[in-house]
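Working notes, beginning with the structure itself.
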C-alpha cells in the first residue's frame, strides 16, 4: 500500500520536470533571437533620401545645378528640360558619342556654351557618368577651333551653324551678326538683306568699285546707311573682294566724300535712278540780267518720272558754285526765255513725268558747278554742270 503513493509522487515529479523542459524549449528561441539586437545597441536613426539643396539663383545661367552633396538639384530640372530637351532626355546608358551628337544638335541651335554645359552637368551627376569629360571643360571644348561639332560639319562640307548665333534686330534696323565666327556670311539674315538691299545683294563676283558704290548708294536710299553697309559687308565676305573697299572705307566714301551724290547723276544728260523717282538733268543755260544787280541766272532743265505716288517741286534742289556756295531756286525775271518752269507742289502717280526749268541767281564772279537733289526720305543725287 505504501508503494502506490510513492509511484504517484514520482509520476508527478516527472510531469513537472516535463513541463519545465517544454517551457524552457519554447522560450529559449525568443531569448536567442532577441539577444543579438540587445548586444548591437539601439537601431540607427532613419534618414531622408532627399539631398540638402539650396535655392538656386539664375543670372543668365544658374549659380549651381547641383546640391551640396553633388547630386542634381531638382529645382532646376524644369528649366533645363525646357531649354535642352534632347540633353535632358539622354538615358543612363548613353555613350560619349551619343552625348557629343546631342551636344552638336543643341549647339547648332545657338545655345550658349555655358548654358549647355549646365544641362550636361546635371545629367552627368544624375547618371553618374564619371568617365565622361567634366562639365567645366565643355565650354572650352565647344569654343575651340577643333571642337567635335565643327569637325563633324567640316567633313560634310557644311559650315557649322553654331558659328552663326541667331540674329538680333538692332535699334538702327540692322540685323547682327552679319558674319559668322569664322568670317563667312551669316545665312540666317540673307533673305532679309536681299529684300532690303536688292542691288547690293545682286552684285556679281567681278563687280567693279563703281558698281559697288552705285549699288550701296541705291539701297541706302531705300533704308539707311547702316542697313546698306550690312549688305555690303555680307557680300564682301561672300565674294572675297580683295580689290573693293572695306566696309569702313565704303562708309567713309559715302559719308565723308559724298560718293553717292557723285555716282547718282554724274553729269548733264545722266539719269539718277532713285527709290521714288528717276530724274534727268539734261541742259544748263546762263542768262543775263537777273532780278538783282551783280547777278545772273543759271537755269537747268529737269525731267522727273515717278515710281510711286510723289509730290514734286523745287524745294529739294540746290545749285553749288565752284566757290562752294549753295543757292536755292528762284522765280525767274519776266521774259526769261527758258520755260516752262519746273512744277511746284505737283502730285505724280506711278509712271507720270513732269518736266521744266529750275532757275538760280548766282553772283557774276561765280561758276555753276553742281546741281543737287536732296530729300528727307533718302533719295539724293547730283549732276556735274561744268
Among the candidates 236, 203, residue that is without any contact (Cβ under 8 Å) to a residue 12 or more places away in the chain and in contact with a helix residue (DSSP H, G or I) (Cβ under 7 Å, 6 or more places away or on another chain): 236
Residue list for region 187-207, restricted to those being in a helix (DSSP H, G or I) and buried (at least 16 other Cβ atoms within 10 Å of the Cβ): 188, 189, 192, 193, 196, 199, 200, 201
Segments classed as strands (runs of 3 or more DSSP E), wholly inside region 269-386, with at least 1 members that are surrounded by 19 or more Cβ atoms within 10 Å (Cβ to Cβ) and over 39 Å from the mean Cα position of the chain (by Cα): 277-287, 295-306, 310-312, 317-321, 346-348, 353-363, 368-374, 380-384
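Every number in this text was worked out from the coordinates using simple rules, so none of it is lab data. It should be emphasised that the depicted structure is a prediction, and the values quoted were computed from it without experimental measurement. As a convention, Cβ positions derive from the backbone with ideal geometry for all residues, glycine included, and neighbour counts pool all protein chains shown.
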